[in-house]
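Chemist: Just dropping this structure here.
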Amino acid sequence: MEELKFEKLLFNTAICVMACDGEIHDREIQELKLIAKNTPYFKDLDYQTELDTIMKKIKNNTNIMKQYFEEIKAVELSPVQELLILEVVLRMMYADNRIDENEVKLIRIIKSYLKIPDQIIFERFGKIDFLIKGYDEIDQQASSDNFPKIEFTEINKQLK
């Protein structure tokens, strides 16, 4: 996958994790800023422009979760890219020091679209029960619509 497209997918991954529990915590915003500042994950991405694009979609009542799932399902990712997606999801999940049920659902859905074996995930991240167990039991179509809606103006203010 082209690098800039992957950076956009990775950024959208972080936004979906932040939004899926219906609340955006300051710690999640700070974690996103840390990722942007201290990793090459978004190096070629103007994340403010990307966030503005996401906000426009939300204002037009676009289901960003459904779009995200369609995108991740359609792309061909390398094993390294798949691990980076899981890393960003986990970093965002743990940023606010609590794991929400919707975050677990989201990572399981994302994991179901990835081809990387559980053994490699275990070797990279250690034992994370909710990541390895049960993801194949998720109804992906129904789940993409079951996340709360959230107002993204809060993210926009905090990222500036």
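Chemist: Taking the Cα-to-Cβ direction at A74 and at I128 and moving 7 Å from each Cα, how far apart do the two end points lie in nm?
Modeler: Here the modelled spin labels are 2.6 nm apart.
Chemist: Moving to a separate point now. Would you mind calculating the gained length between E101 and L34 on full extension (0.36 nm times residue separation, minus the Cα-Cα distance), in nm to one decimal? Please list the in-between numbers first.
Modeler: Details: separation 67, 0.36 × 67 = 24.12 nm, distance 2.45 nm.
That works out to 21.7 nm of additional length.
Chemist: Measuring from label point to label point, each 7 Å out along Cα→Cβ, what is the D46 to Q119 span in nm?
Modeler: Reported label-point gap for D46 and Q119 is 4.6 nm.
Chemist: Quick one, can you get me the convex hull of the C-alpha atoms of region 33-122 expressed as volume per residue in Å³? Before the final figure, lay out the partial values.
Modeler: Working: hull volume 11.6 nm³, N = 90.
That works out to 129 Å³ per residue.
Chemist: Could you give the length gained on full extension between K59 and S112, defined as 0.36 nm per residue of separation minus the Cα-Cα distance, in nm?
Modeler: Result: 16.2 nm gained on full extension.
Computed from the coordinates by the stated procedures, all read-outs in this text should not be read as laboratory data. Quantities reported herein were computed from a predicted structural model and do not represent experimental measurements. When we count neighbours, we look across all protein chains shown, and the Cβ atoms used for this are built from the backbone with ideal geometry, even at glycine.
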